[in-house]
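Notes for the one structure printed next.
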Amino acid sequence: MTKYPKRLIEVDLPIKKISEHARREKSIRHGHISTLHIWWARRPLAACRAVICAALWPDPGDTNCPEKFKSEAASLMKAFRDKRGGKPYDWNDGIELRKALLEFIADFANWDNSTNRDFLDTSRALTKVAHESLGGEPGTRPLVVDPFAGGGAIPLEALRVGADAFASDLNPVAVLLNKVVLEYIPQYGQRLADEVRKWGEWIKKEAEKELAEFYPKDSDGATPIAYLWARTIQCEGPGCGAEVPLMRSLWLAKKSSRSVALRLLTDKKNKHIDFEIIENANAKDVGEGTVKRGSATCSVCGYTTPVPRIREQLKMRRGGASDARLLCVVAKRNDGAARFYRAPNANDVAVARKTSSELV
Ligand SMILES: [Zn+2]
């Protein structure tokens, strides 16, 4: 009966170094799978690579560690270091060999080393000898299973270090991402990139053709790219009845390079709320939105209409989307400069009406 040999991850993991590499990886914009498609909670490849290696390879410092792994890992690490340099180690000592393996894992977490031949070959050889010395059939590979693979970091890294990978997810977007990363890119390479560009361009052209009439150009040639709307309620303050647009925040853009916001213009006499756009807005110039925790405060009379009444009003108007208020138009000039914001005009409202009648 073989006793369970601990894996490296159960003994130690160079977390500090791995974290540094994972942090640095966030700024990689070229050749990283994160640039393929947006996915929330993307795992850093650095951490996945390190964890997979440390979970597949046994700890040579453990008395139950197979001798075959110890001797082959020692010769692999020695060959690797003879080629690339590094501290001398006593290769007959299990604890020393553990140190060398953990150091290898920490360095391999570096993005720059992720496609380096020496690291790839050594890690794959270690995975193979670990698998075979732990009872895997010679010629087969260990299987890393990730039932909720998301953006595909874990199966991708499993393949990189010489394991087989099984990936699945409940979300069809994640399934497609994994198919592209794990199957299509290795199979089709550059041809896939060319085809995606070609057909992406085609979709863009066709969409422009079909949608142009709903985004008519302004008189100065700028093209609207988005219309910002707010649902409204009728203020239930005594004798008020003003139309209150429901807005959590008045900010339109809040970046260090660009800050634009809306300002409420309240006509108390006519009980009407309007807007103006403030460019280069400072936090102190920008007021609070009208909505807080679901209740809405009217800037005409100051009354706060409570959550249940807002729900009731919106329910009566089937959600209130059809008579929402157009707040602002986001547009782009022909010269390709940054987008800008402008107040809506009568034409915008007419176009929106036409669009909704097309959708019926
Ligand atoms: Zn009011």
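So what does the Cα-only Debye profile of the range 283-333 read at q = 0.22 Å⁻¹, as log10 I(q)/I(0), no solvent term? Log-scaled intensity ratios, in q order: -0.99. In plain terms, the chain from His37 to Asn116 could stretch by 25.9 nm, reckoned as 0.36 nm per residue minus the Cα-Cα distance. For the range 227-360, the carbon plus sulfur part of the accessible surface works out to 50%, probe radius 1.4 Å. A Cα-only calculation for the range 307-360 places Rg and Dmax at 15.4, 48 Å. Here the dipole of the range 57-145 is about 220 debye; that uses its Cα centre as origin and unit charges on the Cβ of Lys and Arg (positive) and Asp and Glu (negative).
With all pairs of different alpha carbon atoms counted, what Kirkwood hydrodynamic radius in Å does the range 1-140 show? Could the numbers behind the result be given before it?
On the way: mean 1/r = 0.0633 Å⁻¹.
Radius from the Kirkwood sum: 15.8 Å.
Three principal axis extents of the range 48-123 based on alpha-carbon atoms, in descending order, are 34, 26, 17 Å.
What share of the DSSP beta bridges in the chain is antiparallel, in percent to the nearest 5? Around 90 percent antiparallel, to the nearest 5. What angle, in degrees between 0 and 90 and rounded to the nearest 10, separates the Cα long axis of helix 94-108 from the longest principal axis of the Cα atoms of the chain? For helix 94-108, the angle is close to 30 degrees.
Is it possible to state the helix-based mean residue ellipticity at 222 nm for the chain, with each DSSP H run of 4+ residues giving -39500 (n - 2.57), the sum divided by total residues, to the nearest 500 deg cm²/dmol? What is it?
Value at 222 nm, helices only: -12000 deg cm²/dmol.
Ordering Thr266, Ala283, Leu246 by the projection of their Cα atoms onto the charge dipole of the range 234-287, which places +1 on the Cβ of Lys and Arg and -1 on the Cβ of Asp and Glu, puts Ala283 at the extreme positive end. Helix 307-316 and the longest principal axis of the C-alpha atoms of the chain enclose an angle of approximately 70°.
Qualifying GluC sites (Glu not before Pro) in the range 258-326, where qualification requires a DSSP coil assignment and no more than 14 other C-beta atoms within 10 Å, comprise Glu288. Tell me the carbon and sulfur percent of the accessible area for the range 1-125, rounded to whole percent, probe radius 1.4 Å. So the carbon and sulfur contribution to the accessible surface is 53 percent. The calculated pair-distance distribution of the range 204-312 uses every alpha carbon pair, bins of 5 angstrom beginning at 0, and gives 2, 11, 17, 16, 15, 13, 12, 8, 4, 1, 0 percent.
Quick one: check the C-alpha center-to-center distance for the range 197-258 versus the range 290-360, whole angstrom. Comparing the Cα centres of the range 197-258 and the range 290-360, I get a distance of 9 Å.
Here the spin labels are modelled as points 7 Å beyond Cα on the Cα-Cβ line, and at Lys292 and Thr63 they lie 6.7 nm apart. Basic side chains Lys and Arg get +1 at the Cβ, acidic Asp and Glu get -1 at the Cβ, and with that the dipole of the chain about its Cα centre reaches some 980 debye. In whole Å, what is the distance between the alpha-carbon centres of the range 5-74 and the range 141-185? If we compute the Cα centre of each part, the gap is 16 Å. Per-residue packing, averaged as other Cβ atoms within 10 Å, sorts the ranges 51-58, 325-332 into the order 51-58, 325-332, beginning with the highest. What is the mean projected area of the alpha carbon convex hull for the range 124-245, to one decimal in square nanometres? Reported value for the Cα convex hull: 15.9 nm².
Rolling a 1.4 Å probe across the protein heavy atoms gives the range 250-360 an accessible surface of 65 Å² per residue. Rounded to a whole number of µm²/s, how large is the Stokes-Einstein D of the chain at 25 °C and 0.890 mPa s, given Rh as the Kirkwood radius over C-alpha pairs? D, rounded to a whole number, is 95 µm²/s.
Equivalent ellipsoid of the range 158-221: semi-axes from √(5λ) of the C-alpha gyration tensor, largest first, are 38, 15, 9 Å.
The values are calculated or read from the model by the stated rules, or taken from the named source; none is laboratory data. Remember, predicted model here, so these are calculated numbers, not experimental data. For neighbour counting, all protein chains shown are included, and Cβ atoms are generated from backbone atoms with ideal geometry for every residue, glycine included. Side chains are part of the model used for accessible areas, which takes the heavy atoms of the whole protein and leaves out ligands, DNA and RNA. Shrake-Rupley method; radii C 1.70, N 1.55, O 1.52, S 1.80 Å.
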